[in-house]
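Structure provided below as structure tokens; questions to follow.
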Amino acid sequence: MVTPPALTYATDNCTIGRAMGVLGERWNLVVLREVFNGIRRFDDMRRHTGIPRQVLTNRLALLVDQGVLRREPYRESGMRERHEYRLTEKGLDLYPVLVAVAQWGDRYLADPEGPPVEFAHRGCGSPVEVHVHCAAGHDVPRPRDIVSRPGPGVRAAP
């Protein structure tokens, strides 16, 4: 049996592992979906998603602490100050991730009538899709055409 080269690399500085520390819990992506869809207030998110109050509080705190969301104060007449949650630049950079997850879900998990939401290019109205391409500009349509290799931050496995 051939040993995969990746077994020789340490994983303590893996950026996928670090990203999943921020995004890996189901409700985190649901919260991001809500904010991307313009639902920015705690009570609206809770009502729309059914996320338990403490879970939503924890997820929003994590996303704010990680710099994915920022809190913006607002006050309705006669009410105490509250906060809306807005995407930061770091958060906006996650949009292709959400589109890719939706694309996968649409392919394998949608109801027979089709997906409940579509993503469209604001400029022309055409559907938006995520595609993989290399730095030289070549489309890479098949996952088997991609290979991982050591990056500049690779460390030897202990």
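Just so you know, all these numbers are worked out from the coordinates, no wet-lab data involved. The shown structure was predicted, so the numbers you read here are calculated from the model rather than taken from an experiment. A quick note on method: Cβ atoms are made from the backbone with ideal geometry, for glycine too, and the neighbour counts reach across all protein chains shown.
Size of the dipole of the range 94-146 about the Cα centre, Lys and Arg at +1 and Asp and Glu at -1 on the beta carbon, nothing else charged, in debye to 20?
My answer is approximately 200 debye.
Loop sites only, by DSSP: take the GluC sites (Glu not before Pro) in the chain that have at most 15 other C-beta atoms within 10 Å and name the longest stretch containing none of them.
26-75
Would you work out if the range 94-146 is rounded, prolate or oblate? Take a ≥ b ≥ c from the square roots of the eigenvalues of the alpha-carbon gyration tensor; rounded if a/c is under 1.5, else prolate when a/b is larger than b/c, oblate otherwise.
Taking the square roots of the gyration eigenvalues as a ≥ b ≥ c, the range 94-146 is oblate.
Could you give the distance between the Cα centres of the range 72-94 and the range 107-140, to the whole Å?
When both Cα centres are located, 29 Å separates them.
Then there is this: Using C-alpha positions alone, give me the convex hull volume of the chain per residue in cubic angstrom. Intermediate values should be presented prior to the final figure.
Numbers: hull volume 33.3 nm³, N = 158.
Spelled out: Cα convex hull of the chain, divided by residues, is 211 Å³.
For Cys14 and Glu81, FRET efficiency with R0 = 41 Å and r from the beta-carbon atoms, rounded to 0.05?
0.55
For the range 124-133, what does the Karplus curve 6.51 cos²θ - 1.76 cosθ + 1.60, with θ = phi - 60°, yield as ³J(HN,Hα) per residue in whole Hz, taken in order and with x for Gly and Pro?
Karplus values, whole Hz, x for Gly and Pro: 10, x, 6, x, 9, 9, 9, 10, 9, 9.
Mind listing which trypsin sites (Lys or Arg not before Pro) in the range 1-109 are in a DSSP loop and have 13 or fewer other Cβ atoms within 10 Å? Before the final figure, lay out each step's value.
On the way: sites: Arg18, Arg26, Arg33, Arg40, Arg41, Arg46, Arg47, Arg53, Arg59, Arg70, Arg71, Arg75, Arg80, Arg82, Arg86, Lys90, Arg107; in loops: Arg40, Arg75, Arg80.
Counting only loop positions with at most 13 other Cβ atoms within 10 Å, the trypsin sites (Lys or Arg not before Pro) in the range 1-109 are Arg75, Arg80.
Long-range amide H contacts for Ile51: which residues qualify at under 5 Å (H placed 1.01 Å from N, peptide plane, sequence gap of 5 or more or a different chain)?
none
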